[in-house]
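The values are calculated or read from the model by the stated rules, or taken from the named source; none is laboratory data. Keep in mind the model is a prediction, meaning the values are calculated, not measured. Cβ placement follows ideal geometry from the backbone for every residue including glycine, while neighbour counts extend to all protein chains displayed.
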Amino acid sequence: MDDIRILAIESSCDETAASVVKNGREVLSNVISSQIALHTLYGGVVPEIASRKHIEKIDQVITRALEEAGVTLDDIDAVGVTYGPGLVGALLVGVAEAKALAYARNLPLVGVHHIEGHISANYIENPDLEPPFLCLVVSGGHTHLVIVRDYGEFEILGRTRDDAAGEAFDKVARAIGLGYPGGPKIDKAAKEGNPSAYDFPRGKVTGSPYDFSFSGLKSAVLNYLNSASMKGETVRREDVAASFQKAVTDVLTEHTMEAAKDYKIKKIAIAGGVASNSALRASMEEACRRRNYSFYRPSPVLCTDNAAMIGCAAYYEYIRGTRSGWDLNAVPDLKLGER
């Protein structure tokens, strides 16, 4: 079969990204323009600012991705783009760009689910990984436990009932004065802290063993901080960060191992921005080692939003025959498995 090169575009939140991916797993280029420094001024992502920045950067990012890959649009076989979920204005920039390029060059257009992209990031560095496997998806907006039945075929076993894990990281980081982005800053601070300093709760959902709940944990941390403040007690934020992080990673790891045992799955993967957290990676690796499971995780740069993962997912959708029409639109609340 001839090589298939996908030009992929990702703009669902605050990274403007483009990539050229060959045959689904070979990344020829992966260009990311981050807006973190800009949004740090506001303590979080401002959707309108994110959208405007995407418009400014998207042509430059695509041009650079093609140059770094050593190809032109004449060498591209299809255009893949994230169309949901995400910030609607940010998504629209990427979708409009992808549609314009595909229409102008008469190329197939493939809309990609953002979470499918995160899951697919595992294929890039693990040539031996094939479905079926169990994947824990943890990011700022999502916490999902998913059986990947086949390429593009998913069964969701569990999801968060309230805050996503990454959302809880951001809120706790803000509360203890670490600022934005919360995930990396808590990870760093926790390395200097004692994870047993505080016994924060591990949330469980009655009757739904694979679902997650982090709002109680977040509230427990905030209540402790308020109580300490009123009593004039000194709070060592490194200890709070480490204890909070331990509570999150314990729950994520335990739920994943429970599902793996119940469904008799011995291949485990993680994906999403929080999958770059060093404590979670270590906890999952150790749990898999003890059970003799195979463990897969993308490099940190492929955990956070990027277009290489979208190119990988788009390739498998493309060879399955998925094609999007010129009416492709941004779907900010798109559910995994929907089209």
Candidate set from segment 179-189 (those that are under 21 Å from S229 (Cα atoms) and either modelled with pLDDT of 90 or more or not assigned by TED's automatic domain parsing to the domain that holds S215 (or both)); member that is surrounded by the most Cβ atoms within 10 Å (Cβ to Cβ) | I186
If you go through segment 125-178, how many residues are in a loop (DSSP other than H, G, I, E, B), acidic (D, E) and within 28 Å of T206 (Cα to Cα)?
-> 2
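Residue-by-condition table, conditions (1) under 18 Å from the mean Cα position of the chain (by Cα); (2) acidic (D, E):
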| position | (1), (2) |
| --- | --- |
| A220 | no, no |
| N223 | no, no |
| N226 | no, no |
| G232 | no, no |
| E238 | no, yes |
| A275 | yes, no |
| C303 | yes, no |
Considering residues of segment 238-269 that are part of a helix (DSSP H, G or I) and β-branched (V, I, T) only, the residue farthest from P184 (Cα to Cα) | T256
Within segment 154-177, track down each residue that is surrounded by fewer than 21 Cβ atoms within 10 Å (Cβ to Cβ), among the hydrophobic types (A, V, I, L, M, F, W, C) and over 18 Å from the mean Cα position of the chain (by Cα).
-> A175
Kindly list the number of the only condition in (1) part of a helix (DSSP H, G or I); (2) closer than 22 Å to H113 by Cα; (3) not charged (D, E, K, R) that fails for S324.
-> (1)
Quick one: which residue in V88, V112 is at pLDDT 95 or above and more than 30 Å from D2 (Cα to Cα)?
-> V88
Matching residues in segment 222-272 - criterion: being surrounded by fewer than 23 Cβ atoms within 10 Å (Cβ to Cβ), aromatic (F, W, Y) and modelled with pLDDT of 95 or more | Y263
Taking V235 as the residue in question, decide whether it is aliphatic (A, V, I, L, M), assigned to a loop (DSSP other than H, G, I, E, B) and either touching a strand residue (DSSP E or B) at 6+ places or on another chain (Cβ under 6 Å) or farther than 18 Å from N122 by Cα (or both).
-> yes
Before we move on, is L38 out of contact with any Asp or Glu (no Cβ under 7 Å at 6 or more places or on another chain) and farther than 23 Å from I119 by Cβ?
-> yes
Of (1) of a type in the set (A, V, I, L, M, F, W, C); (2) within 19 Å of R5 (Cα to Cα); (3) free of Cβ contacts under 8 Å to residues at least 40 places away in the same chain, L38 satisfies all except one. Which?
-> (2)
What do you reckon, is G152 at pLDDT below 95, under 28 Å from G321 (Cβ atoms) and assigned by TED's automatic domain parsing to the domain that holds G273?
-> yes
Go through segment 141-167 residue by residue and tally those that are of a type in the set (G, A, S) and under 13 Å from A259 (Cβ atoms).
-> 1
Can you work out which of the residues in segment 270-302 that are part of a strand (DSSP E or B) and not small (G, A, S) is farthest from H114 (Cα to Cα)?
-> F295
All but one of (1) within 22 Å of the chain's Cα centre (by Cα); (2) surrounded by 15 or more Cβ atoms within 10 Å (Cβ to Cβ) hold for V205; which doesn't?
-> (1)
Please list, ordered by first then second residue, the pairs with beta carbon atoms under 6 Å, 6 or more apart or interchain, first in segment 58-77 and closer than 19 Å to C13 by Cβ, second acidic (D, E).
-> I58/E97
Test each condition in (1) in contact (Cβ under 8 Å) with a residue 60 or more places away in the chain; (2) touching a Lys or Arg at 6+ places or on another chain (Cβ under 9 Å); (3) surrounded by fewer than 22 Cβ atoms within 10 Å (Cβ to Cβ) for M284 and report the one that comes out false.
-> (3)
